[in-house]
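Working notes, structure below.
Just so you know, all these numbers are worked out from the coordinates, no wet-lab data involved. Values in this document were obtained by computation on a predicted structure and should not be read as measured data. Cβ coordinates were reconstructed from backbone atoms using ideal geometry, including for glycine residues, and neighbour counts include every protein chain displayed.
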Amino acid sequence: MIDLHTHILPGLDDGARDLEESLAMARLAVEGGVRAVAATPHLFRGTEDILDSRIVNKKHMELEKALKDSGIFLDIYLGAEVHIAHNLIELIRRHRKQLVLNGGSYMFVEFPSEHLYRDIRQLFFDVMTEGITPVIAHPERNAVLARHPEMLAEFIGTGVYCQVNSGSLLGVYGSVSRDAAWTFLENRCVHFLASDCHGTQSLPPNLDRAAVMVRKKFGDETARALVEDNPRAALESRSLPFVPDPVIQEEKKRSLKIRIPSFLKR
């Protein structure tokens, strides 16, 4: 399996505290059947220091050497988890290589937990105009999308993709995120399943457990696409092989234009 969303690089954000914890996370991932991960440290609005390529590359090389010395066979690719902000296009133009996944054409974006930005559709359009495909990280943890999954389906209809956290499917973040994550899967709105692991205790690598659950409910093809085929294509900057048409209930379609403005005013 390939885990595209992790915070495994040591000492960069709220993920692995040090190299020792990074190695422990790597061991857990490998034991669960993961053979490659993307290190996606946070980029929050107003903080650009983490994008210093010298710092990120140094941490990357340190971890790769430690993995080799420890006999842990895990490939580490680079990316970022980018907080949605008004200056996102400016950041892309200045730091594109550090923002996108493996230097390619996919980028993980993160919403605030309680609301959506008023001009999010235009922002997505602008990002795609830059030749980058946005991947919404853990939308089930956004209060608006969790309550109204038809909005996520609408975003996906414009060419945006979705990554659900394995921990959400397992109930780690509570019942609201859990139910939303499973609803997104049922609505054919999920393209990647990833762990978003931050350590070895509260948010450990757990992709294997969630993949088993997805396989039981939706079959081998879907599970393989979410943890192998689509992640590999994204790392190689190729079109995703698994992009099902999203499902939107007719009654939700009709009410969509009425509901959205009230959310975006928050």
What number of residues within the range 60-83 satisfy the criterion of being out of contact with any Leu (no Cβ under 7 Å at 6 or more places or on another chain), assigned to a helix (DSSP H, G or I) and of a type in the set (A, V, I, L, M)?
1
Which residues, taken from the range 128-164, are assigned to a helix (DSSP H, G or I) and among the hydroxyl-bearing types (Ser, Thr, Tyr)?
THR129
Looking only at the range 92-111, filter to residues that are assigned to a helix (DSSP H, G or I) and touching a Phe, Trp or Tyr at 6+ places or on another chain (Cβ under 8 Å); which one of those is nearest to ALA137 (Cα to Cα)?
LEU101
Residue list for the range 166-202, filter: more than 18 Å from GLU221 (Cβ to Cβ), touching a residue at least 40 places away in the same chain (Cβ under 8 Å) and of a type outside the set (Ser, Thr, Tyr):
GLY167, LEU170, ALA180, ALA181, ALA194, ASP196, CYS197, HIS198, GLY199
Check on ARG17, free of Cβ contacts under 8 Å to residues at least 60 places away in the same chain, out of contact with any Phe, Trp or Tyr (no Cβ under 7 Å at 6 or more places or on another chain), of a type in the set (Lys, Arg) and at negative phi:
no
Out of contact with any Pro (no Cβ under 7 Å at 6 or more places or on another chain) and either more than 22 Å from ILE132 (Cα to Cα) or surrounded by fewer than 19 Cβ atoms within 10 Å (Cβ to Cβ) (or both): which single residue out of GLU110, GLU90 fits that description?
GLU90
Could you tell me which of the residues GLY167, GLY199 is assigned to a helix (DSSP H, G or I) and surrounded by 18 or more Cβ atoms within 10 Å (Cβ to Cβ)?
GLY167
